[in-house]
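Colleague: The structure follows.
The values are calculated or read from the model by the stated rules, or taken from the named source; none is laboratory data. Please read these numbers as outputs of a predicted model, since none were measured by experiment. Don't worry about glycine lacking a Cβ; one is built from the backbone with ideal geometry, like all the others, and counts go over all protein chains shown. Protein only, heavy atoms only, side chains kept; ligands, DNA and RNA dropped before computing areas. Shrake-Rupley method; radii C 1.70, N 1.55, O 1.52, S 1.80 Å.
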Amino acid sequence: MTRNELIELGQKIVEVKGRESKLDELEQLFNRNVPHPEGLNLFFYPENYNARRDDLSKYTPTIEEMVDKCLSYTPIQL
């Protein structure tokens, strides 16, 4: 998927109303098309999020920022 297609998909996921099965399909589609292992979770939680120390109310990324972060991920080569 292209960056723009992923942004559109991200918007659908954030705005989805209705069936949970539809949401699951969209989430899986997003995660299959980005290299970042946390994928869609980054829309809602920052990397290395710790509920005991991190203030989630300050985490307000845009969909574009999250898509870019997911696409720019490169795994560590051992």
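For every residue, the table says whether it meets (1) open to solvent by less than 80 Å² (accessible area, probe 1.4 Å); (2) on the phi > 0 side of the Ramachandran plot.
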{"residue": "S21", "(1), (2)": "yes, no"}
{"residue": "E25", "(1), (2)": "no, no"}
{"residue": "N33", "(1), (2)": "yes, no"}
{"residue": "P37", "(1), (2)": "no, no"}
{"residue": "F44", "(1), (2)": "no, no"}
{"residue": "N48", "(1), (2)": "no, yes"}
{"residue": "A51", "(1), (2)": "yes, no"}
{"residue": "P61", "(1), (2)": "yes, no"}
{"residue": "E65", "(1), (2)": "no, no"}
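Colleague: Could I ask something else about it? What's the number of the only condition in (1) open to solvent by 70 Å² or more (accessible area, probe 1.4 Å); (2) part of a helix (DSSP H, G or I) that P75 fails to meet?
Modeller: With (1) open to solvent by 70 Å² or more (accessible area, probe 1.4 Å); (2) part of a helix (DSSP H, G or I) applied to P75, the lone miss is (2).
Colleague: Under 7 Å by Cβ, and 6 or more places apart or on different chains, what pairs join a residue from region 59-70 that is more than 18 Å from P35 (Cβ to Cβ) with one that is acidic (D, E) and modelled with pLDDT of 95 or more?
Modeller: Close Cβ pairs (under 7 Å, with a partner that is acidic (D, E) and modelled with pLDDT of 95 or more) do not exist here.
Colleague: Quick one: count up the residues across region 1-19 that are exposed (fewer than 11 other Cβ atoms within 10 Å of the Cβ) and farther than 20 Å from Y73 by Cβ.
Modeller: Matching residues across region 1-19 total 4.
Colleague: Condition (residue is in contact with an Asp or Glu (Cβ under 6 Å, 6 or more places away or on another chain), of a type outside the set (F, W, Y) and at pLDDT 90 or above) applied to region 35-52: is it met by at least one residue?
Modeller: Within region 35-52 (the criterion being in contact with an Asp or Glu (Cβ under 6 Å, 6 or more places away or on another chain), of a type outside the set (F, W, Y) and at pLDDT 90 or above), the answer is yes, since at least one residue qualifies.
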